[in-house]
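The values are calculated or read from the model by the stated rules, or taken from the named source; none is laboratory data. All values derive from a computational prediction rather than experimental measurement. Note that we place each Cβ from the backbone using ideal geometry, even for glycine, and neighbour counts take in every protein chain shown. Heads up: the accessible areas ignore ligands, DNA and RNA and are worked out on the full protein's heavy atoms, side chains in. Shrake-Rupley method; radii C 1.70, N 1.55, O 1.52, S 1.80 Å.
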Amino acid sequence: MEPAGETSAPGGDGRIPFTFRIGVTGHRDVADPDALRLRIREAIKQLLMHVPVAPGSGMALVVVSALAEGADRLVAEEVLAAGGDRLVLQDVLGSGIGRRAQKDAKDGLEPGPGRMVLETVLGDLDTRLEVALPLRQPDYEEDFKTEESKEEFHRLLARASAIWPAPITETRNEAYELAGRYVVDRSDALIALWDGEDSRGRGGTEEIVAYAQESGVPIAWIHTNGDQEPAYAHSHDQDSRAGVLIQAAAKLHTYNARVIDSAKFDKRLHELRDELMPDVAREIPIDPRGLSREKVADWVFPYFVRADLLALHYQSRFLRLSRGIFALAAAAVAVVALQVTIWPHYDWVVVLEVLCLIGLLFALRMNHRLRLHDQWISSRFLAERLRSSYFLALAGTGDQRATAEQRGRAPRIAFFSDSSEAWIERALSEVIARRPQLDAKSAPLDGLRDYLKRHWIEGQISYQTRSSGEQRASDRWLARMVKILFSVTLVAALVHSIGSYIFTVPEGWKNALLIASITFPAIGAGLHGYGAQRQFRRHSERYRTMAGVLAQARADMAGATTIYQVQDVARETERIMREENSDWFGVMRFHDIELIT
C-alpha cells in the first residue's frame with residue numbers, strides 16, 4: 001500500500017467518482033438566454049470549487065431539473081454540456097483544487113490534488129440529468145407554448161437517468177411546489193434564475209429559494225434582470241448541510257487518493273473470482289438473469305477489492321497502534337516500579353517512563369491524524385455493501401435506479417449529519433448508478449437459486465460462524481490472562497506483606513514481588529482495556545445470532561419456486577445483512593483509541 005498523494009495507479013482500481021448534484025429553480029420567461037448561459041457557467045464553476053476530487057477518481061456532475069421552459073432547461077443544458085467542455089471546467093478544477101487544498105490544510109483534512117492531475121480529473125467527468133415532473137407528462141406538456149418546446153422537452157427527458165413524478169395533488173401550483181421542494185431535497189447546491197421579486201403563485205421561485213435557505217442548501221443566485229454577477233449563499237458551519245458535504249467529499253477524496261499496489265489488487269481480484277465464480281465456464285456460462293456473471297463482476301469487483309484491501313490495511317495499522325498504546329502504558333508503570341525498587345539512586349531511569357508516555361501520545365496523535373479507525377470501519381462497511389450488490393445484481397433486484405424507474409420515481413438522497421455516513425452512501429449510490437442493466441425475463445431458476453444459496457447465504461453463514469468462534473476464543477484468552485495476572489498479583493502481594501513473618505524472603509525476591517504487585521495489575525488493566533475496545537464478547541454473540549438468522553434465509557431460498565420468491569429472499573437477505581453491518585458500524589465507530597491513565 002503506497003501513501004496517498006503519489007502518482008495515480010492504473011485505471012480500473014475501484015476509485016469512486018464523487019457525485020455532485022446541482023438543482024435548478026427559476027422563471028419560465030427569461031430575457032437574453034445567451035447572457036444567462038455565461039453566468040450559469042460561472043455559477044457551476046464557483047459551486048464546484050468547494051469539492052475536492054482525487055486524482056483518477058473523476059466526478060459525476062448531475063443536474064436535477066423539472067425541465068420547464070426557461071431556467072430549468074438552460075441550467076440542465078449547461079450542466080450536461082460541461083462534460084464535453086474542458087475549457088469550462090479548466091479554471092474550476094485548477095484554482096478550485098488549489099483553493100480547496102489551502103482550506104483542507106487549515107481544517108486538517110486530506111488535501112485535494114494539484115494541477116498535475118487536472119487532465120486526469122477532467123477526462124473522467126461524467127454528467128447526468130435527473131428530472132422531477134410536477135404533473136403527469138401529458139398534463140405537464142400543456143404548459144409548453146410551441147411544438148418546438150415540446151420536442152425540446154422530449155429530447156431532454158430521453159437523456160434522464162431517473163424520473164420522479166410528484167404525487168397527485170388538487171392544484172397545479174401545489175404540484176409545482178412539491179416538485180420544487182424535491183429538487184432542493186435532492187440537490188447539493190441550487191442555481192436560482194430569479195428576478196428577486198415575490199412569487200406570483202404557490203411554488204414560485206421565491207418560495208423555493210426560501211426553502212433552500214431553510215434547508216441549508218448552498219445557493220447561486222443569478223439575477224434575471226440586469227447584468228449582475230451571480231451571488232452565493234452557503235453556510236461555513238461544519239455541521240451544516242454544506243459543511244457535511246465538503247467533509248464527505250474530503251473523505252471520499254482520501255479513500256480514492258490511496259494508491260494500491262497493482263499486484264496486490266490483481267491478486268485479490270483473482271482470489272475473489274475463484275471464490276465466487278469457480279463454475280463460470282462450466283455450469284453457468286450465461287448468468288441466471290441473461291447477463292454474464294463476468295459482466296456483473298467487471299462492474300462491482302474492482303470497487304469491492306479497493307474497499308476490502310483498504311479495510312484490511314487500515315485495520316492492521318489501527319490494531320498495531322492500539323496494542324502498542326496499551327503496551328506503552330503498562331511499560332511506563334513497569335519502569336516506575338523498577339526505578340523505585342531496584343534503581344532508586346538512578347533518577348535518569350525516569351526518562352524511560354517519559355519516553356513511554358511520549359510514545360503513547362505520539363501513537364494517539366498518529367491514529368487521530370490518519371483517521372485509521374474511521375477509515376477502517378468505513379471501508380469495511382462499504383466493502384460488505386458492495387459484496388451484497390454483486391448478488392443482488394444477479395438476482396435482478398436491489399437496484400435503486402431500476403426500482404425507481406419501474407415505479408416512476410427517483411430515490412431521494414438522505415441528508416446525513418455525519419460525514420462518514422454521507423460519503424459511504426454517496427459512494428454506494430454512484431456505484432449503483434453504474435450497474436449494468438439486466439434482462440429480467442431470462443432466468444434459469446434452479447441455477448440462480450442454488451448459486452445465491454451456496455455462494456452468498458451459506459458463505460455468509462460460514463463466515464459468521466467462524467468469526468463468532470474467533471471472537472469468543474480471543475475473549476476467553478484475554479479473560480484467562482487477566483485472571484492469571486490477578487492471581488499472581490495476589491500471591492505476590494501476600495508473600496511480600498506477610499511472608500517475612502512466616503519464612504525468610506531474600507531481598508532480591510522482595511523486590512521482584514513488589515515489581516510484580518505494581519506491574520501486573522497495569523498489564524491486566526491494559527489487556528482488559530484492549531478487550532473492551534475490541535468488544536470481543538459482544539461481537540461473538542452478534543456473529544452467532546446472525547448465523548442463525550441467515551440459516552432461516554437459506555431455508556427460504558432453498559424453498560423458492562419462482563423468480564419473484566428468489567428476489568424476495570435476496571432482498572430480505574440483503575436487508576438483514578445491511579442492518580447487521582449498520583449495527584457493527586454503529587458500535588465500532590465509538591470505540592476508537594482514547595487516552596488512558
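Any idea which of (1) touching a helix residue (DSSP H, G or I) at 6+ places or on another chain (Cβ under 7 Å); (2) modelled with pLDDT under 90 is the one Ile208 doesn't satisfy?
For Ile208, the exception is condition (2).
Rundown of residues vs (1) open to solvent by 10 Å² or more (accessible area, probe 1.4 Å); (2) at pLDDT 90 or above; (3) closer than 30 Å to Gln137 by Cα; (4) part of a strand (DSSP E or B), yes/no style:
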| residue | (1), (2), (3), (4) |
| --- | --- |
| Gly56 | yes, no, no, no |
| Val63 | no, yes, yes, yes |
| Glu69 | yes, yes, yes, no |
| Asp72 | yes, yes, yes, no |
| Val75 | no, yes, yes, no |
| Val79 | no, yes, yes, no |
| Leu87 | yes, no, no, no |
| Asp91 | yes, no, no, no |
| Gly94 | no, no, no, no |
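Assess whether Glu141 counts as being part of a helix (DSSP H, G or I) and surrounded by fewer than 21 Cβ atoms within 10 Å (Cβ to Cβ).
Yes, satisfied.
How many residues does segment 163-194 contain that are within 28 Å of the chain's Cα centre (by Cα) and either among the charged types (D, E, K, R) or assigned to a strand (DSSP E or B) (or both)?
Matching residues across segment 163-194 total 9.
Would you say Ile518 is out of contact with any Gly (no Cβ under 6 Å at 6 or more places or on another chain), modelled with pLDDT of 80 or more and open to solvent by 40 Å² or more (accessible area, probe 1.4 Å)?
no
Can you name every residue in segment 549-590 that is in contact with a helix residue (DSSP H, G or I) (Cβ under 6 Å, 6 or more places away or on another chain), closer than 28 Å to Ala422 by Cα and small (Gly, Ala, Ser)?
Answer for segment 549-590, where residues must be in contact with a helix residue (DSSP H, G or I) (Cβ under 6 Å, 6 or more places away or on another chain), closer than 28 Å to Ala422 by Cα and small (Gly, Ala, Ser): just Ala570.
Which one of these does Phe590 not meet: (1) in a loop (DSSP other than H, G, I, E, B); (2) modelled with pLDDT of 90 or more?
For Phe590, the exception is condition (2).
When only residues in segment 302-324 that are surrounded by 21 or more Cβ atoms within 10 Å (Cβ to Cβ) and within 19 Å of Arg365 (Cβ to Cβ) count, which is modelled with the highest pLDDT?
Tyr314
For Asp107, state whether it is loosely packed, with under 14 Cβ neighbours inside 10 Å, at pLDDT below 50 and either at negative phi or polar (S, T, N, Q) (or both).
For Asp107, the condition - loosely packed, with under 14 Cβ neighbours inside 10 Å, at pLDDT below 50 and either at negative phi or polar (S, T, N, Q) (or both) - is met.
Search segment 540-568 for residues that are hydroxyl-bearing (Ser, Thr, Tyr) and pair each with any residue that is open to solvent by 20 Å² or more (accessible area, probe 1.4 Å) when their beta-carbon atoms are under 6 Å apart and the residues are at least 6 apart or on different chains.
Ser540/Gln471; Ser540/Arg472
Would you pick out the residues in segment 332-387 that are more than 20 Å from Val587 (Cβ to Cβ), aromatic (Phe, Trp, Tyr) and buried (at least 17 other Cβ atoms within 10 Å of the Cβ)?
None - no residue of segment 332-387 is more than 20 Å from Val587 (Cβ to Cβ), aromatic (Phe, Trp, Tyr) and buried (at least 17 other Cβ atoms within 10 Å of the Cβ), so the list stays empty.
For segment 350-428, which helices (runs of 4 or more DSSP H) that fit wholly inside it have 3 or more residues that are at pLDDT below 75 and over 20 Å from Phe301 (Cβ atoms)?
Output list reads 400-407.
Residues are listed down the side, and each one gets a yes or a no for (1) at pLDDT 85 or above; (2) open to solvent by 40 Å² or more (accessible area, probe 1.4 Å); (3) over 30 Å from Ala60 (Cα atoms):
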| residue | (1), (2), (3) |
| --- | --- |
| Arg434 | yes, yes, no |
| Pro444 | no, yes, yes |
| Trp456 | yes, no, yes |
| Ser467 | yes, no, yes |
| Arg472 | yes, yes, yes |
| Arg480 | yes, yes, yes |
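So His539 fits all but one of (1) farther than 30 Å from Ser487 by Cα; (2) under 23 Å from the mean Cα position of the chain (by Cα); what number is the exception?
Of the numbered conditions (1) farther than 30 Å from Ser487 by Cα; (2) under 23 Å from the mean Cα position of the chain (by Cα), the odd one out for His539 is (1).
For segment 145-198, name all the residues that are of a type in the set (Ser, Thr, Tyr), surrounded by fewer than 18 Cβ atoms within 10 Å (Cβ to Cβ) and closer than 26 Å to Ser429 by Cβ.
Residue satisfying the conditions is Ser161 alone.
Just to be sure I understand the filter: pairs with C-beta atoms under 7 Å, separated by 6 or more residues or on different chains, first member in segment 303-329 and closer than 11 Å to Ser379 by Cβ, second member open to solvent by 20 Å² or more (accessible area, probe 1.4 Å) and hydrophobic (A, V, I, L, M, F, W, C). Which pairs pass?
His313/Met1
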